[in-house]
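The values are calculated or read from the model by the stated rules, or taken from the named source; none is laboratory data. Given the structure is predicted, the values throughout are model-derived calculations rather than measurements. All Cβ positions, even for glycine, are placed from backbone atoms using ideal geometry, and neighbour counts span all protein chains on display. We work out accessible area using only protein heavy atoms, side chains counted, and drop any ligands, DNA or RNA first. Shrake-Rupley method; radii C 1.70, N 1.55, O 1.52, S 1.80 Å.
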Amino acid sequence: DSATSAMQVLGGASDVCQHQPAIVWDGKTQYCYDCVNIEQCGFCGGFCVEGNETGPFDPTSCPVGNGSPKQGEWIYSACQNKYGFLSVFFMVTYLLAFGIGMGGLPWTINSEIYPLNYRSMAVSFSTATNWICNMVVSATFLSISSPQSLTAYGAFWLYGGIAMLGLLWLYCTMPETKGLSLEEIEELFRRGGGGSGGGGGARIGPGGGDPFAAVSDGIIQYQRNVGILERIVRQVGTKSDGAELKAQYNAQVDVCTQLATKVEQQLKMCEHRLATMDRTEASKRRATHIKLSKDFRTVETACKNIILDTRRKLAHTATHQLPKSVFGNAPGNHETTTQEEERVQMQMQLQQERLNEEIMRERESEIRNINRGMHQVNEIYKDLAHIVSSQQEQVDQIETQMESSKVNAEQGLTHIQKANARAENSQCTIS
């Protein structure tokens, strides 16, 4: 039959086209796409035979066979495929999936997993690595996908294998950072918080060794007890007022005082710890320290205002509860009444002066705290200026490196174009 006769004609002269000379496999060339990728080979009559743009070297080697579109149709440079639209469909699907996930997610992770004092340099290295890998893939794809190397199938299997290894490595080493602050993420990596499936991202609690977390918990507890004190004070002067309420009030004041002392000591310890850190680390921690100090002073001021208001309310209540005989005008007691009135007025005046003195002391303490906070803010601005200056130098270096990479890429593209031109001009024929 025609297929048998064609194979007899193609017997020994077309072995170079009939078999794929690739590294990954050396088998029979059955598809048009494989055939046209072999130099000086074309597809005709369902077989891969030797030829050039004009046609096969042996006109009799183009028979009608299985899969042949028609007698004498010579395909040398490009194959037609009725399923070509699937390539466009899957390419668009890939781009959509890439844009949602791997297009932006690595940059998000890069911006949060590095320590603050190394973040700019680490992100620069990761960016450079990304583009260098892109350049390597672009420069080597045509070589490794050639029929003499891995073929297109082998090239994509290679890329898929590398991606799978990267996925397994990330799955085993990358912890979950959802819901964690930058400080908690840094502490997580410092403690080696990786784990299978990214599940090593446990939140740092008060026992995690972070003094600022302990201060934050102390302020929250202090604020809750101040709220309890406020609810007790609301009952002063009502029907519930009595010895029991007074005892609750005094006990709650003692609790708030103890908590305030504890938090203030913890803040001082954190301030001493800042002095032992390097400048970059201290600038990051100092911002947290200022925020916690401000929150503590706010709660402390609220507590002291509640206590002062309670003292005024108690003094006012005591004045109105004096016996009417004290202010009465009974016959024969006019002199005694006048002395008692003067004495009560003197006590009220002294008590008011003491309250005013306490208020003035509170205001002076608040002014000192504000001045201390302003000094700390100035220190933060100095640290930020130092960080911005160093980062600007690194940005300038990156721009210089990118310009150099651009020049090298243009030179490489020129060399590739020259090599392609030479390859087109030096067509070899097999005789």
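Report, by residue number, each residue of the range 14-29 that is open to solvent by 70 Å² or more (accessible area, probe 1.4 Å) and either at pLDDT below 65 or within 16 Å of Ala78 (Cβ to Cβ) (or both). Result: Asp15, Ile23, Val24, Trp25, Asp26, Lys28. The set of residues from the range 365-395 being of a type in the set (Gly, Ala, Ser) and within 21 Å of Arg119 (Cβ to Cβ) comprises Ala385, Ser389, Ser390. Residue pairs whose Cβ atoms lie under 7 Å apart, separated by 6 or more positions or on different chains, with the first residue in the range 361-378 and touching a residue at least 60 places away in the same chain (Cβ under 8 Å) and the second of a type outside the set (Lys, Arg), are Glu366/Thr301; Gly373/Ile290; Gly373/Ser293; Gln376/Ile290; Val377/Ile290. With respect to the conditions (1) free of Cβ contacts under 8 Å to residues at least 60 places away in the same chain; (2) open to solvent by 40 Å² or more (accessible area, probe 1.4 Å); (3) within 30 Å of the chain's Cα centre (by Cα), Pro175 falls short on a single one, namely (2).
Evaluation of Glu357 against the conditions (1) acidic (Asp, Glu); (2) farther than 30 Å from Thr280 by Cβ; (3) surrounded by 11 or more Cβ atoms within 10 Å (Cβ to Cβ) shows that the sole unmet condition is (3).
Every residue, every condition in (1) closer than 16 Å to Leu229 by Cβ; (2) in contact with a strand residue (DSSP E or B) (Cβ under 8 Å, 6 or more places away or on another chain); (3) open to solvent by less than 70 Å² (accessible area, probe 1.4 Å), yes or no:
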residue	(1), (2), (3)
Ala251	yes, no, yes
Cys256	yes, no, yes
Leu259	yes, no, yes
Arg273	no, no, no
Thr276	no, no, no
Glu281	no, no, yes
Ala287	no, no, yes
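If only residues of the range 46-92 that are modelled with pLDDT of 80 or more and among the charged types (D, E, K, R) are counted, the one that is surrounded by the fewest Cβ atoms within 10 Å (Cβ to Cβ) is Glu53. Looking across the range 250-284, just one residue is touching a helix residue (DSSP H, G or I) at 6+ places or on another chain (Cβ under 9 Å), at pLDDT 85 or above and of a type in the set (Gly, Ala, Ser), and that is Ala260. The residue pairs whose first member lies in the range 256-275 and is assigned to a helix (DSSP H, G or I), whose second member is aromatic (Phe, Trp, Tyr), and whose beta carbons are closer than 6 Å, counting only pairs six or more residues apart or on different chains, are Leu259/Tyr222; Val263/Tyr222; Val263/Phe296. Residues of the range 134-151 that are free of Cβ contacts under 8 Å to residues at least 12 places away in the same chain and either over 24 Å from His415 (Cβ atoms) or buried (at least 17 other Cβ atoms within 10 Å of the Cβ) (or both): Ser145 alone.
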